[in-house]
Amino acid sequence: MTKPIDIKVKPKYAMKLKKGYPLIEKEAIDHKKLLGDEGRLLKLVDERNTFIGIGYYGLQNKGIGWVISQKENEIINKAFFARKFQEAFEKRKALFADNDTTAFRVFNGEGDGLGGITIDYYDGFYMIQWYSKGIYCFREAIVDALCDSVDYKGIYEKKRFDQKGQYVEDDDFVTGERGTFPLIVKENGVNFAVYLNDGAMTGIFLDQREVRKAIRTRYSKGAEVLNMFSYTGAFSVNAALGGATMTTSVDVANRSRSKTLEQFAVNEVDGEKQQIVVDDVFQYFKYAARKGRVFDLVVLDPPSFAKTKKRTFSAAKDYTQLLQETIEITKNDGVIVASTNSSAFDMRRFKQFIQAACKETKTDYTILEEYRLPDDFQTTKLFPEGNYLKVVFIKIHSIVEMSVKPAFTVF
Ligand code: SAH
C-alpha cells in the first residue's frame, strides 16, 4: 500500500483530533490538494509537525475521512484490518453463541476503530457496507482480512457512496457461496426474511433489536398497536407475537404490503387479519381522527429525511408536529414509542421535542424507558454523534383541566 502523505491540520482541529476525535472534518485540512485522490493514506501532523494520527481520505456526508491509527509507524495492510476485525468479533462472542439471534452487527465503523465501514452478520453470511470511495479503495485487503478471520458461507456488500446514480444488478455479491433469498434469520427467537441482494436495504434494521423485544414482551399484550413508517413491519410482527389484539402498519411505499405480509408469514401469523395501510402517515392521522380510532401503543420510527409527493419530512424540523398528531390518536395511559436515527440532534434535544409536543396538546406524560444503540453497534465516547439511535417510551396521561376540578373537596 502507498506511503501516507504528510498533511498539516489546522490548530483548532488538531486539538480535537489529538484528544481522539476520529472524524477528519472538511475544514481541518487543506484538502483541495487531495481532490480526486480518495483512499489516500494521510499522516496528520500539527503546525509544529508533531504527529497526530494516520488517517485516510474518503468523502462522506460528514467529514472527509477518518483517523484509523495513533501509531506513527502503523502499516495499513491486511494484517492491520484483520486485527481490527478479530478484536471486534471477540466483543460479539455472546451473540455468535446465541442460537436465538442469528443477525447482528459485527463491526461498527469508528466504534470499532475504523470509520467508514460496517459489517453485519446474517446467519453465516456477512454484509459489508462501504460509506466512501476512500474506504472502498482498501477493499481487497479488507475482504481478505475478513475471509481469514471468520468462517463464512458468503460475503455481500453495499456501496453507500455516490456512484453517479449507477446501481448494477447483482453487484452485491463478493465471494463464497450465493445465498438463496429470502434468508430466514432469527432475532430473540423471532424470524425475519432478509435479502442481501436487493437494493439498499435488507428488510430489517438490526439496531432496533432491544426495542422490538421490549415491545413484544412488555407492551403488546391486549393492545391495539399502530406502527407508523412501518417498512417491512418488524415492530408489528413483534407486537402481534406479543399478544396485540390488532396491529396496523402504515408506510407510503407500495412494497411495504407484500414485505410486511412476508414477515408475518415467516412467523406463522396470518397477515390478512392484520391491517396494512399503504399511505402517507400524515393522511392516516387525518383518517384515524375522522374515524375516532385510538391506539394503546403507537410506534413512530420515521427516517431522518423523506420526500413524498405531498411533503418533505425532516426529523429535526418536524418531529414535534409528528408527536402532536400521534398524541391525538393515543388512548389515555397509552404509550408512544418515539424513535429517531437522526444524528442531527442529541437525546436532550429529542426530549425537548417530546416536551414541546405534550405542552402544545396539554398532555401530561411520563418517560418509561430509553434506548440507544445496542452493544453490537459499538460506539465510542470520543464520537458521541455515532450513537445516533434515540428511542423513548412515553406514557401519555391527559391533563385534567382546572375547570373540571371537583367543585368540593372531601376531607
Ligand atoms: N420502522 C421501520 C423502519 C422505517 S424506514 C422498521 O422498524 O423496520 C422508513 C420508512 O418510512 C420507509 O419504509 C419509507 O417508505 C417510510 N416513509 C417515509 N416517509 C413516509 C411517509 N410520509 N408516510 C409513510 N411512510 C413513510
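The values are calculated or read from the model by the stated rules, or taken from the named source; none is laboratory data. Keep in mind that this is a model prediction, so the values were computed, not measured. Glycine gets a Cβ as well: all are built from the backbone with ideal geometry, and neighbour counts include every protein chain shown.
Does at least one position in the range 138-156 carry a residue that is over 23 Å from residue 54 (Cα atoms), acidic (Asp, Glu) and touching a helix residue (DSSP H, G or I) at 6+ places or on another chain (Cβ under 9 Å)?
yes
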Next on the checklist: Checking residue 197 against (1) more than 18 Å from residue 389 (Cβ to Cβ); (2) at pLDDT 95 or above; (3) not basic (Lys, Arg), only one condition comes out false. Which one?
Outcome noted: (2)
Checklist entry - For the range 78-86, does any single residue satisfy the condition of being touching a strand residue (DSSP E or B) at 6+ places or on another chain (Cβ under 6 Å) and in contact (Cβ under 8 Å) with a residue 60 or more places away in the chain? => result no
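State all residues of the range 302-317 that are farther than 16 Å from residue 279 by Cα and within 10 Å of the ligand (Cβ to nearest atom); if no residue qualifies, say none. Steps first, answer last, please.
First, the residues of the range 302-317 that are farther than 16 Å from residue 279 by Cα: 304-305, 314-317.
Within the range 302-317, 304, 305 qualify.
Would it be correct to say that residue 338 is in contact with a Phe, Trp or Tyr (Cβ under 6 Å, 6 or more places away or on another chain) and within 16 Å of the ligand (Cβ to nearest atom)? Lay out the reasoning, then the answer.
Numbers: in contact with a Phe, Trp or Tyr (Cβ under 6 Å, 6 or more places away or on another chain): no; within 16 Å of the ligand (Cβ to nearest atom): yes.
When the stated conditions are applied, residue 338 does not pass them.
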Checklist outcome for this item: Within the range 229-266, of all residues that are crowded, with 23+ Cβ neighbours inside 10 Å and aliphatic (A, V, I, L, M), the one nearest to the ligand (Cβ to nearest atom) is 234
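Could you pull out the residue among 299, 269 that is touching a helix residue (DSSP H, G or I) at 6+ places or on another chain (Cβ under 6 Å), away from the ligand (no atom under 13 Å from the Cβ) and under 18 Å from residue 215 (Cβ atoms)?
269
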Checklist entry - residue 382 passes all but one of (1) of a type in the set (A, V, I, L, M); (2) at pLDDT 95 or above; (3) in contact with a Ser or Thr (Cβ under 9 Å, 6 or more places away or on another chain); which number fails? => result (3)
Checklist entry - Tell me, which residue of the range 385-411 that is modelled with pLDDT of 95 or more and of a type in the set (Phe, Trp, Tyr) is nearest to the chain's Cα centre (by Cα)? => result 388
Item to check | Leading residue by the ranking (nearest to the ligand (Cβ to nearest atom)) among those in the range 355-385 that are in contact with a helix residue (DSSP H, G or I) (Cβ under 9 Å, 6 or more places away or on another chain), assigned to a loop (DSSP other than H, G, I, E, B) and farther than 26 Å from residue 213 by Cα | outcome: 361
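Among the listed residues 32, 62, 18, identify the single one that is of a type outside the set (A, V, I, L, M, F, W, C) and within 24 Å of the chain's Cα centre (by Cα). Give the steps one after another, and end with the answer.
Numbers: 32 fails: within 24 Å of the chain's Cα centre (by Cα); 18 fails: within 24 Å of the chain's Cα centre (by Cα).
Going through 32, 62, 18 in turn, just one is of a type outside the set (A, V, I, L, M, F, W, C) and within 24 Å of the chain's Cα centre (by Cα): 62.
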Next on the checklist: Quick check on my filter: what residues within the range 305-354 are among the β-branched types (Val, Ile, Thr), surrounded by fewer than 18 Cβ atoms within 10 Å (Cβ to Cβ) and touching a helix residue (DSSP H, G or I) at 6+ places or on another chain (Cβ under 6 Å)?
Outcome noted: 320
Checklist entry - Somewhere in the range 213-228, is a residue of a type in the set (A, V, I, L, M), closer than 17 Å to residue 118 by Cα and within 16 Å of the ligand (Cβ to nearest atom)? => result no
Item to check | Criterion violated by residue 282 - all others in (1) within 23 Å of residue 190 (Cβ to Cβ); (2) in a helix (DSSP H, G or I); (3) within 12 Å of the ligand (Cβ to nearest atom) satisfied | outcome: (1)
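Condition (residue is over 24 Å from residue 40 (Cα atoms) and not basic (Lys, Arg)) applied to the range 128-145: is it met by at least one residue?
Pass one, the range 128-145, residues over 24 Å from residue 40 (Cα atoms): none.
No, because not a single residue in the range 128-145 is over 24 Å from residue 40 (Cα atoms) and not basic (Lys, Arg).
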Checklist outcome for this item: For residue 351, the lone unmet condition from (1) within 15 Å of the ligand (Cβ to nearest atom); (2) out of contact with any Ser or Thr (no Cβ under 9 Å at 6 or more places or on another chain); (3) part of a helix (DSSP H, G or I) is (1)
